[in-house]
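Visitor: Dropping the structure in here first, questions after.
The values are calculated or read from the model by the stated rules, or taken from the named source; none is laboratory data. Here the structure is a predicted model, which is why all the values come from computation and not from measurement. Note that each Cβ is placed from the backbone with ideal geometry, even for glycine, and that neighbours are counted across all protein chains shown.
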Amino acid sequence: MACCFFMGNLYLPTINPKSNRINYRRLNRMNIAAILTTHNSAATLERVLRHLANNAIRVYAIDHGSTDATPSILATHVGKPIAEIIQKPFDGIFRLRQQLQWKSDIIQRINADWIIHIDADEILESPREGESLRGMIERMNATHYDVIDCDEFVFVPENEQADYRSADFVTTMRHYYYFAPPGRALHRAFRRSSGAPEWAHTGGHRLGLANRKLAPEKIRMRHYIGLSMDALRAQYLSRVFAVDELRKGWHHNRVATTADFIIPPPPARLFNLDEDGWRTDMPETKHLIFNQPQPYIPPAPIASIANRPAMPFIVGVGRSGTTLLRLLMDAHPDLAITPETHWLSDAITAIGSIKQLRHVIIGNTYWKDIGISDKELDAILEKHNGEKPFDTLRAIYQHYGKRFGKSRVGDKTPIHGLIMHKIAHAFPEAHFIHIIRDGRDVAVSYRDMWFGPGKDAKTAAKFWLWRIREMRQQAQFLPHYMEVRYEQLVTEPETVLRTIGEFIQLPFHRNQLRAHEHADSRLAEFGNIQHGGAVISTERRKAIFAETLNPPNDSRIGRWRTEMTKKEMADFESIAGNMLAELGYL
């Protein structure tokens, strides 16, 4: 009579001859528990759970704020193999150390002989033909080993067209590389009685081998890092890493440096499982899907500054309402917000040389928008103080404010969201206001702009997703940063402006709700500029902000519903869908 599996245990059914009922006698098998962390893992989770169930391994699942089908998949597997689901909220920051602590807490309270800790895109198996994962662990246990290491085989889509999200990816996905950075171990299975894991300094890789006996064989780990190139982009272009972990040296090669950080792997570096079998003779020390990964260097701490009023910097992805917010804030009788100062980054770099500083400022095509003559600039530069060099740049901003009788000055330049560290070191009083808008509306609004990423929905999705991620990554190192939503700004402008006013210590003023009455004169600052070898006229520049001549309204919310094709919607969401959901847009 066949055995039955319930809640991670095996039972032998027997028939009671008197009552003719079936009784179940528990078989004495080793108790193996898997601790599994999930976050938007629906594409691979079902298959991973099935594999663990087939090995009679019970699962303790930690769902870290998933917004896809992950919670429903977990729910359908309660009892087999899931023993418990632990829900944890997600605040947009990837905190591996926190996840490892959650796993450690579970290990401390559960009853198990052996522990496996895995992610929802990993399948562990024995390298011996015909032997199950459970069989391998039981064999290592019988010979008194405490820890089993892993060989990691990373399965990837071989090109842009390859997409395994709708198939049995374990069967159909055949291309992989052997990932083995020097000195790294993957202690994913260990005897519970050998002691608590020592993960604090290893990122969950090494268990700590003091008084533990390492098995001579390794588990084979199939890592399905992404089932399509777009799925990989959705994961890595949006990932914001915790500051303390970056400072510890973790994740450094996984921080997306550009919107094109994810690329198809070089075909010559991939093995085909059907043709090559399991190859370990050509180890890769870095992941092949990352485009020129650079070690992330956390910025130096920002010096505090006393007795300076907050200086607001409006940042965000272009076409997200940065100009509208600029005009609403600028309408305050005490605050002037400059037009875009694309010269600021080079000016900060050149601050040590007056000659170079003057050159990069005057040579920038946007400089004339600020309305300061060359003679006025020279007068400011003459007072340059080498001991307090950034006071020169403050003086430029202050001069702009005085033109309008304003005591305080701020800046609106969307792309400054990429250099917030740099600006904050020059201006410790900088307070960054990041305005966010539904990425699909951003993509539609960008379409006909000379400065946009292009009309292709996937390109727009990569651009929007990465820019938001980059600003959120930098924000963790900033003392003064806040986010506002375009959709709330146009529907509840006073509420948003009051919140911003508290942030920059400037009380709301009723004049701010009448900004549209003066918008035309403020936009008149725009002059002709050079862009990509072409001249962009004043009229063309003003025309793209025509909506600011009206009071804030919701007419531009949800444009994508009528201006995107179904394919464009699907393409955009294939990359940016998780972020849209996280922000409440899905």
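Visitor: Give the stretch 181-207 a look and list any residue that's more than 12 Å from residue 148 (Cα to Cα), buried (at least 16 other Cβ atoms within 10 Å of the Cβ) and either free of Cβ contacts under 8 Å to residues at least 24 places away in the same chain or within 30 Å of the chain's Cα centre (by Cα) (or both), or say none.
Guide: Those that are more than 12 Å from residue 148 (Cα to Cα), buried (at least 16 other Cβ atoms within 10 Å of the Cβ) and either free of Cβ contacts under 8 Å to residues at least 24 places away in the same chain or within 30 Å of the chain's Cα centre (by Cα) (or both): 197, 199, 202, 203, 204.
Visitor: Further, regarding this structure: Restricting to the stretch 179-222, count the residues that are within 23 Å of residue 249 (Cα to Cα) and in a strand (DSSP E or B).
Guide: Qualifying residue count for the region: 1.
Visitor: Residue 25 fails exactly one of the following numbered conditions: (1) at pLDDT 95 or above; (2) exposed (fewer than 12 other Cβ atoms within 10 Å of the Cβ); (3) assigned to a strand (DSSP E or B). What is the number of that condition?
Guide: (1)
Visitor: I'm checking my understanding of the structure. Among residues of the stretch 543-570 that are in contact with an Asp or Glu (Cβ under 8 Å, 6 or more places away or on another chain) and part of a helix (DSSP H, G or I), which one is surrounded by the fewest Cβ atoms within 10 Å (Cβ to Cβ)?
Guide: Checked the stretch 543-570; the qualifying residue surrounded by the fewest Cβ atoms within 10 Å (Cβ to Cβ) is 549.
Visitor: Same structure, new question: Inspect the stretch 160-170 for any residue being part of a strand (DSSP E or B) and crowded, with 21+ Cβ neighbours inside 10 Å and give the result as yes or no.
Guide: Narrowing the stretch 160-170 to residues part of a strand (DSSP E or B): 163.
Applying the additional criterion that residues be crowded, with 21+ Cβ neighbours inside 10 Å yields none.
No - not one qualifying residue is present in the stretch 160-170.
Visitor: Separate question: Output yes when any residue across the stretch 260-282 is assigned to a loop (DSSP other than H, G, I, E, B), among the hydroxyl-bearing types (Ser, Thr, Tyr), closer than 23 Å to residue 459 by Cα and modelled with pLDDT of 95 or more, and no when none is.
Guide: Taking the stretch 260-282 and keeping what is assigned to a loop (DSSP other than H, G, I, E, B), we get 260-261, 263-266, 270, 277-282.
From what is left, the residues that are among the hydroxyl-bearing types (Ser, Thr, Tyr) are 280.
Add one more test, that the residue is closer than 23 Å to residue 459 by Cα, and what stays is none.
Scanning the stretch 260-282 turns up no residue that is assigned to a loop (DSSP other than H, G, I, E, B), among the hydroxyl-bearing types (Ser, Thr, Tyr), closer than 23 Å to residue 459 by Cα and modelled with pLDDT of 95 or more.
Visitor: Moving on. Which of the residues spanning the stretch 447-489 are touching a Lys or Arg at 6+ places or on another chain (Cβ under 9 Å) and modelled with pLDDT under 95?
Guide: 447, 448, 449, 450, 452, 453, 454, 455
Visitor: If I filter the stretch 364-392 down to residues being of a type in the set (Phe, Trp, Tyr) and buried (at least 17 other Cβ atoms within 10 Å of the Cβ), which single residue comes out as farthest from residue 351 (Cα to Cα)?
Guide: If we take residues in the stretch 364-392 being of a type in the set (Phe, Trp, Tyr) and buried (at least 17 other Cβ atoms within 10 Å of the Cβ), then 366 is farthest from residue 351 (Cα to Cα).
Residue by residue, here is whether (1) exposed (fewer than 15 other Cβ atoms within 10 Å of the Cβ); (2) closer than 22 Å to residue 119 by Cβ; (3) free of Cβ contacts under 8 Å to residues at least 40 places away in the same chain; (4) polar (S, T, N, Q) holds:
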{"residue": "227", "(1), (2), (3), (4)": "no, yes, no, no"}
{"residue": "232", "(1), (2), (3), (4)": "no, yes, no, no"}
{"residue": "237", "(1), (2), (3), (4)": "no, yes, no, no"}
{"residue": "240", "(1), (2), (3), (4)": "no, yes, no, no"}
{"residue": "247", "(1), (2), (3), (4)": "yes, no, no, no"}
{"residue": "251", "(1), (2), (3), (4)": "no, yes, no, no"}
{"residue": "258", "(1), (2), (3), (4)": "yes, no, no, yes"}
{"residue": "263", "(1), (2), (3), (4)": "no, no, yes, no"}
{"residue": "276", "(1), (2), (3), (4)": "yes, no, yes, no"}
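Visitor: Just one of (1) surrounded by 20 or more Cβ atoms within 10 Å (Cβ to Cβ); (2) assigned to a loop (DSSP other than H, G, I, E, B); (3) out of contact with any strand residue (DSSP E or B) (no Cβ under 6 Å at 6 or more places or on another chain) trips up residue 320, so point out which.
Guide: If we test residue 320 against (1) surrounded by 20 or more Cβ atoms within 10 Å (Cβ to Cβ); (2) assigned to a loop (DSSP other than H, G, I, E, B); (3) out of contact with any strand residue (DSSP E or B) (no Cβ under 6 Å at 6 or more places or on another chain), just (3) comes out false.
Visitor: Name every residue in the stretch 144-185 that is modelled with pLDDT of 95 or more and either aliphatic (A, V, I, L, M) or not assigned by TED's automatic domain parsing to the domain that holds residue 52 (or both), in order of residue number.
Guide: The answer is 147, 148, 154, 156, 162, 170, 173, 180.
Visitor: Now, a different point. Go through the stretch 441-490 and count every residue that is among the hydroxyl-bearing types (Ser, Thr, Tyr) and buried (at least 24 other Cβ atoms within 10 Å of the Cβ).
Guide: Qualifying residue count, the stretch 441-490: 1.
Visitor: Taking the stretch 114-142, which residues are free of Cβ contacts under 8 Å to residues at least 40 places away in the same chain and closer than 17 Å to residue 213 by Cβ?
Guide: Listed by number, the residues that qualify are 139, 142.
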